[in-house]
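Since the structure comes first, as structure tokens, the remarks are kept for the end.
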Amino acid sequence: MGDEEKTDFDPTGAAGPTERPRRWRFRGKLIVTPAGGEAREMYINRDNYVIGRDDGCSLILDDDSASRFHARLTEVGDGLCVEDLGSKNGTLLNGVAVRSARLNSGDELVIGDTLLVFEE
């Protein structure tokens, strides 16, 4: 199999060959502001929305302080939850380090040196 790295963990939630494709559904948006950069809007449109530096992430951050797979947003009931994926620098929600927490409109996430504001 060569030197390819194999892992059972798929934080991107990519559809496997037997999984039906998911329909697009608006779940909110993030106002993403990198350190020293301009803000941009990113729409959350999947059930398993992964944030990090890896090309397989739903939201790719150009931020050396962020982990490859840093955090994940998942649908919980009628809202969204943020979950830190064991990142080196942690995930802050409104200035407090969290492993998992429900998001409310106006909440501020800090991932690495990037500010993300959640809006429903």
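At a glance:
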{"quantity": "Projected-area average for the stretch 28-75 over all orientations - Cα convex hull basis, square nanometres", "calculated": "3.3"}
{"quantity": "Point-to-point label distance, Ala39-Val96, nm (Cα→Cβ direction, 7 Å offset)", "calculated": "2.4"}
{"quantity": "Accessible area of the stretch 21-120 divided out per residue, in Å², using a probe of 1.4 angstrom", "calculated": "56"}
{"quantity": "Accessible area of the stretch 51-120 belonging to carbon and sulfur atoms, whole % at 1.4 Å probe", "calculated": "42"}
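The values are calculated or read from the model by the stated rules, or taken from the named source; none is laboratory data. Quick caveat, the model's predicted, so the values are computed rather than measured. We place every Cβ from the backbone using ideal geometry, glycine too, and count neighbours over all the protein chains shown. Note: accessible area is taken over every heavy atom of the protein model, side chains too, but ligands, DNA and RNA are not part of it. Shrake-Rupley method; radii C 1.70, N 1.55, O 1.52, S 1.80 Å.
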